[in-house]
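Here's the structure, in C-alpha cells; my notes come after.
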Amino acid sequence: MVIEVMTFKRNTDVFFGGALLVFALLGLFVAIPNGIVMPSNINSQALGPQFWPKIITISLAIFGGIIFIQGLVQIRHSTFRNQGELKNVNDREIVVLENESGDLPIRLALLRASIAMTGLFAFYFAINILGMIISSSVAIIFYTLLGGERKIKNILPLALMLPTGLYYFFVYAADIPIPLGIFEVLR
Amino acid sequence: MFEHLVDAFVLFLNFQNVTAVFVGVAIGTIVGAIPGMTTPMAVALALPFTFSMQPITGILLLLGVYKGGLYGGSLTAIMIKTPGTPAAACTVLDGYPMAQKGEARRALDMALYASVFADLMSNMALIFCAGFLASFALRFGPPEFFTLVIFSLTIIAGVSGDRLIFGAVSACFGLLLSTVGLDLIYGTERFIFGNYDLMSGFNFIPVLIGLFALPEIINFYVKKDDENRSLNALKGSHATFADFRRCFKSIFRGSLIGVVLGAIPGIGGAPAAFMSYSEAKRTSKDPSKFGKGEIEGVAASEAGNNGVAGATMIPLLALGIPGDVVTAVILGAFMVHGLRPGPIMFQENIELVYAIFIGIMLSSVYLFIVGKICIKYVSRIGNIPNRLLYPAVLVLCVFGAYAVNNSMFDILVMIIFGLLGFAMLRLNVPAAPFLIAVVLGPLLEDNFRQSLLLSDGDPSIFFRSVICIVFWILTFTTITFLIRNHLKTRKKS
C-alpha cells in the first residue's frame, strides 16, 4: 500500500509540475504581453509594469520544472525498486488510498464534491433572482440534506433564522443594503 | 506620553469597545473549540461584521477572536481528543489522558490558567517591544522596507510545513494576484482584460474567505461523517493553587518560548507549544509521566501556544508586517478601516496604538472569564455537528463577501477562490503562503520601484545601508537553513 500511495502522489506531482510549467509559459508569452499595457516612456525595464509579473511567472516556471523533475525521478526510483509489483494506479487502488485518508469512496466523493461546487454557483445565480434571504435559506436546506441531516426540527430553524438575522444585522446595524431579488418591492 | 495615554483611555473607554473585546474572545473561544473551524476562518468571518464599527472597535473584536481561538482549541483537545486548532495538538498528549483518568476539570482549569498567564506575558512583550521597534523602523526608507519584505517572505517557509516548494508556488500565485489592477506608478492596466470590477485589483476579503472557509466546507462533503466523538465526562476536582505553583516554572518558560517564537514571523503557536512541552519534559524530575496525563504537560503546551498571541502583533504593529496568517487577516482589517500599521502609525495615531494595548490587556481578563464559563458548556460546543455548522458558515461567507463592497462580483470571486483553495487542499498545496503573499505583494513591488526611482535605476541602492545588508544576510541565512533542513527531512523520509 505504501508503494501505491507513493506512486499516486508522484503522479500527481508530475501532473502538477507539468501544468504549472505550461501555465507559467502561457503567462510569460501570452498573458503578460496581452494583459499588461506598457507605457511608451519607460527608462528602465525594472520600473515597467511587466517587470514583477515576469519575475513571478519565471519563478513559477522554475518551481514547476523542479516539481515535475522530482516527480519523474521518484517514479523512476520507485519503479526500479518495485519492478513487476506495480505499473499503474487504477481506481480501485485510489479508492483504498482515499479510504485511508478518511474520504468517501472516490466516485461518491467526486459526485458529492461536484454537487457541492455546482450548488455554490446555483446559490450565486439564485441571489440575483430570489435575493439573499430566500436563496440562503434554500442553500442551508440543500447543504444540510447533502451533509446527511434528516431532522426537519434542526434544519428549518437554522434555514429561517440565520439568513433573516444576518439580513437584519447588515441592513439595520451595518447599513448595507442586502439584495432581495424579486422581493425588492417588499423593502 | 501621559497625554497620549489619557487620550487612549478616552478613545478606548466606551461601551462598544469594552463589549467588542468580550464578544470577540467569546466568539474565538467557541469557534476554536469546534473541530474543523480554524482561527483564521473565525477572524475572516468576523471581519465583515466590523465594517460598520469604529476602527478601534472592529480591530479589538478581531483581536479578541484571535486570542479566544488560540485558547478554545484546547477545550476539545482535552475532552474529545480533537484539537480545535493545530496549536492545541500538543495539549492532547497529556490533556486527553487526564480526562480519561477522570481529571478533565483539573486539566481544563490548568489549560486556562496557563493560557491566561502566557497571554498576559505576551501582551507585556508587545507593549514594551513594539514602540521600540517602531521607532527604529522610522529610519527605514523604500530600500530598507523592500529588503524587510523580502526577509518577511521567508515566513512562507514557516507556514508551508514540509511542502516548501509547493509553499513557494502558492506564494508566487499570491504575488501574481496582487499585480492585478491598475499599475502603481504608470496607472496602466494589468490583467484586467476589460473587466472593470478588476480595476482596483481583487479585494482581499473575498479572496481570504474563499481560501480559508470554502475549501473546508466543500471538503466536508467528500469525507465520511465523523460525528461519533467519544466525549469524556467533565468531572474531577478543580486545579488548585498548589498545582499552578508546581507548574509555574514550565508555564513561565513556555510563555517566554511563545513570546520569542511568536515575534519571529511565520513560526506560530504549534511549534511554540511543542518546544515548550519538550522543554518541560526534558527538565522534569520524572519525564516518564509525560504523555500519560501529566498536568505540567498541559500547562507547558498551553503556555507555549498562547504565548505567541501578543508577540505576533509586534511585527504587525511596529513594521506593518504580518507574523502569521491571522495577523495577515488583521492587517487586512486595518487597511479596510483606512489604517496602515507600521512606524508611521506610532507617530500619527499613537492614541489608537495605546488603545489597542489597553484592549489587549483587557482581553486577557476576559479570556479568564469566558474560559471559566466555556468549561461548563464545552461538551455542547464540541458536539455541534458539521452537517449543520458548515451550511451556516457558507451563508456567513456569502453575506460577508457581499458586504465588503455591496458587490455580487465579490461573491463570485469568493466562490472561485474557494474552488482554487479546495484544489490546493486536495493537492496538499498550503494556502497560507498565498494569502501572506497577497498582503505583502503590493508592499514589495511598491518599495522596489520607489527605490529604483530614487536611484535612477541603480540596483546598488538595495545594498546602501547597514539595515539592508543585515536583512539580506538574514534572508540568505534563513533560506540556506530552510533548504538544508528540507533536504535533511527528505533524506530521512
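Any chance you could tell me what percent of the C-alpha pair distances in the protein assembly as shown go past 46 Å? If you can, show how the numbers build up before the last one.
Values: 40015 of 230860 pairs.
For the protein assembly as shown, the fraction of Cα-Cα distances above 46 Å is 17 percent.
Do you know the relative contact order of chain B, to the nearest whole percent, from alpha carbon pairs under 8 angstrom that are 6+ apart? Let's see the in-between values first.
Values: 939 pairs, mean separation 137.2, N = 493.
It comes to 28 percent, rounded to a whole number.
What value does region A:138-187 have for Rg/Rh, both radii from Cα atoms and Rh as Kirkwood defines it?
Working: Rg = 13.2 Å, Rh = 12.3 Å.
Value, to two decimals: 1.08.
With all distinct Cα pairs included, what does the Kirkwood hydrodynamic radius of region B:294-374 come out to in Å, to one decimal, could you say? Each step should come with its number before you reach the end.
Values: mean 1/r = 0.0705 Å⁻¹.
Computed over Cα pairs of region B:294-374, the Kirkwood hydrodynamic radius comes out at 14.2 Å.
Run lengths n ≥ 4 of DSSP H only: what is the helix-derived mean residue ellipticity at 222 nm for chain B, with -39500 (n - 2.57) per run over all residues, to the nearest 500? Numbers along the way, then the final one.
On the way: 23 runs with 358 residues, N = 493.
Rounded to the nearest 500, the figure is -24000 deg cm²/dmol.
How much area per residue is accessible in the protein assembly as shown when the probe is 1.4 Å and only protein heavy atoms are counted (Å²)?
42
With a 1.4 Å probe, how much accessible area is buried between chains B and A, both sides summed, in Å² to the nearest hundred? Intermediate values should be presented prior to the final figure.
Numbers: alone 21310 and 13250 Å², together 28600 Å².
About 6000 Å² of accessible surface is lost on pairing.
If you add up the charges near residue B:183, with Lys and Arg at +1 and Asp and Glu at -1, over every other residue whose beta carbon is less than 9 angstrom from its beta carbon, what do you get?
Details: positive: B:190; negative: B:189.
With Lys, Arg at +1 and Asp, Glu at -1, the neighbours total 0.
Give the share of C-alpha pairs in each 20 angstrom bin for region B:2-492, from 0 to the last occupied bin, in whole percents, shortest bins first.
24, 58, 18, 1
³J(HN,Hα) across region A:40-50 via Karplus (A = 6.51, B = -1.76, C = 1.60, θ = phi - 60°), whole Hz, x for Gly/Pro?
7, 9, 9, 7, 10, 4, 5, 8, x, x, 8
Please give me the summed charge of the neighbours of residue B:277: other residues whose Cβ is under 14 Å from its Cβ, Lys and Arg +1, Asp and Glu -1.
Numbers: positive: B:249, B:253, B:281, B:282, B:289, B:292; negative: B:94, B:279, B:294, B:296, B:302.
Within the 14 Å Cβ shell, the charges total +1.
Given the peptides A:17-25, A:32-40, arrange them by the average over their residues of other C-beta atoms within 10 Å, most packed first. Intermediate results must be reported in sequence, preceding the final value.
Working: A:17-25: 17.8, A:32-40: 13.7.
The peptides rank, most packed first, as A:17-25, A:32-40.
Quick one: net charge of residue B:330's neighbours, Cβ under 15 Å, K/R +1, D/E -1?
Values: positive: B:67, B:340; negative: B:324.
Here the count lands on +1.
Hydropathy first: keep DSSP H helices in chain B averaging at least 0.0 on Kyte-Doolittle, then drop any whose Cα extent along the axis falls short of 24 Å, and list what survives. Could you put the intermediate results ahead of the total?
Numbers: long enough: B:15-32 (25 Å, 1.64); B:55-80 (38 Å, 1.38); B:104-137 (47 Å, 1.17); B:241-263 (31 Å, 0.81); B:350-382 (43 Å, 1.60); B:386-405 (30 Å, 1.33); B:408-426 (27 Å, 2.11); B:432-454 (33 Å, 1.12); B:466-492 (39 Å, 0.79).
For chain B, where a helix must reach 24 Å along its axis and average at least 0.0, the hits are B:15-32, B:55-80, B:104-137, B:241-263, B:350-382, B:386-405, B:408-426, B:432-454, B:466-492.
The values are calculated or read from the model by the stated rules, or taken from the named source; none is laboratory data. Keep in mind that this is a model prediction, so the values were computed, not measured. No Cβ is skipped: glycine too gets one built from the backbone with ideal geometry, and neighbour counts run over all protein chains shown. These accessible areas exclude ligands, DNA and RNA; they are computed on the full protein's heavy atoms, side chains included. Shrake-Rupley method; radii C 1.70, N 1.55, O 1.52, S 1.80 Å.
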